[in-house]
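Worksheet: one structure, shown below.
The values are calculated or read from the model by the stated rules, or taken from the named source; none is laboratory data. No experiment lies behind these values; they were computed from the predicted model shown. Please note: Cβ atoms are built from the backbone with ideal geometry, for glycine as well, and neighbour counts cover all protein chains shown. Heads up: the accessible areas ignore ligands, DNA and RNA and are worked out on the full protein's heavy atoms, side chains in. Shrake-Rupley method; radii C 1.70, N 1.55, O 1.52, S 1.80 Å.
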Amino acid sequence: MRAPGGPAGAVTVGEDVLTVHALEWRRVPDRRPYVRPVCGAGEDGDETWEWLRRVNCPTCLRMTATR
């Protein structure tokens, strides 16, 4: 996994490897930073996998279009 602030990538959540989400780093006091989808898909305990794939989640695409 790359460090926070590195090049943008994409992430899948849980067992759904077809929906690719834009990722964001989240920081919680007293914990390591971790990766979550921009749209909030999945639960905080769900495993995420980072990919160099094109984002195809419609919600993530809408949310990142204004950035």
Look through the stretch 35-58, keep the residues that are out of contact with any Lys or Arg (no Cβ under 8 Å at 6 or more places or on another chain) and in a strand (DSSP E or B), and return whichever of them is most open to solvent (accessible area, probe 1.4 Å). Trp49
For the stretch 1-34, which positions are aliphatic (A, V, I, L, M) and either modelled with pLDDT under 90 or surrounded by fewer than 18 Cβ atoms within 10 Å (Cβ to Cβ) (or both)? Met1, Ala3, Ala8, Val17, Leu18, Val28
What pairs come out if I take residues in the stretch 20-44 that are more than 19 Å from Val55 (Cβ to Cβ) and pair them with residues that are assigned to a strand (DSSP E or B) whose C-beta lies under 7 Å away, six or more apart or interchain? Pro33/Trp25; Pro33/Arg26
